[in-house]
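Computed from the coordinates by the stated procedures, all read-outs in this text should not be read as laboratory data. Treat the numbers as computed from the prediction; the structure is a model and nothing was measured. Backbone-built Cβ (ideal geometry, glycine too); neighbour counts: all protein chains shown.
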Amino acid sequence: MKYCQGPKCHEHKTKDRIRGTKGSKYYATRRRSSLYYGKGNFCALQCYNDWFETYGDQAVDHFGRLTEPKKVLCDQAWYKDYTYVPNQDYNSPTRYNHFFVNDLLGERRPISQAQYEDVNYTIDKRD
């Protein structure tokens with residue numbers, strides 16, 4: 001069982017956070033076998049947001065605050081995309097056109113569906 005890491009988790013007034021015996025009840029941080037937000041560290045999006053509101057600046061400073069913009073150059077800007085091709089005949093299978101796209105160069109190169117689905121297939125940089 002893991003505890004939610006939200007700094008205010010114990011302050012949210014929900015029935016599942018109530019602990020203790022009659023006469024000495026209190027709200028406590030949620031404890032669960034699986035937490036759903038922030039890679040399994042938070043029980044709810046509100047707890048995730050509370051954590052970032054409290055510790056976000058410290059975390060960014062610790063791991064490295066950006067001081068200049070990151071850039072993607074033209075030869076690195078290729079990505080896979082597709083467009084839906086509507087069918088006139090409802091009995092025909094759904095079709096898509098697949099492409100490599102580079103918005104910086106204004107290019108769009110057709111590829112097959114197999115190439116689109118292959119995560120290791122990238123555009124030939126010699127083109």
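Return Glu68, Glu107, Glu11 ranked ascending by Cβ neighbour count within 10 Å, so the fewest neighbours appear first.
Values: Glu68 5, Glu107 15, Glu11 11.
With the sparsest Cβ surroundings first, the list reads Glu68, Glu11, Glu107.
Specify the angular offset, from 0 to 90 degrees and rounded to the nearest 10, of the alpha carbon long axis of helix 45-63 from the longest principal axis of the alpha carbons in the chain.
70
Determine the relative contact order of the chain: mean sequence separation of Cα pairs under 8 Å and six or more apart, normalised by residue count, in whole percent. Display every interim value, and only then the final one.
Details: 151 pairs, mean separation 20.4, N = 127.
After rounding, I find 16 percent.
If r is the Cβ-Cβ distance from Gln58 to Tyr3 and R0 is 22 Å, what FRET efficiency results, to the nearest 0.05? Before the final figure, lay out each step's value.
Values: r = 20 Å, r/R0 = 0.91.
Efficiency, rounded to the nearest 0.05: 0.65.
Using the Cα centre of the chain as origin and beta-carbon charges of +1 (Lys, Arg) and -1 (Asp, Glu), tell me which of Tyr36, Tyr121, His12 is placed farthest towards the positive end of the dipole.
It is His12.
Assuming R0 = 41 Å, can you tell me the calculated FRET efficiency for the pair Ile18 and Thr67, based on Cβ-Cβ distance, to the nearest 0.05?
0.30
Charges on Cβ only, +1 for Lys and Arg, -1 for Asp and Glu, centred on the Cα centroid of the chain; of Ser24, Ala77, Thr94, which one is farthest towards the dipole's positive end?
Sorting the options by dipole projection puts first Ser24.
Please compute the net charge surrounding Tyr3, taking Lys and Arg as +1 and Asp and Glu as -1 over other residues with Cβ under 9 Å from its Cβ.
Once positives and negatives cancel, what remains is +4.
Would you compute, from DSSP H runs of 4+ residues alone, the mean residue ellipticity of the chain at 222 nm, taking -39500 (n - 2.57) per run and dividing by the full residue count, rounded to the nearest 500?
The helix-only estimate for the chain comes to -6000 deg cm²/dmol at 222 nm.
Quick check: the distance between the Cα centres of segment 19-49 and segment 54-127, to the nearest angstrom?
38
Tally Lys and Arg at +1 and Asp and Glu at -1 over the other residues with C-beta under 13 Å from the C-beta of Tyr55: what net charge comes out?
Taking every other residue near Tyr55 into account, the sum is -3.
Please work out the ratio of the alpha-carbon Rg of the chain to 2.2 N^0.38 Å and round it to two decimals.
My calculation over the Cα atoms of the chain gives 1.78.
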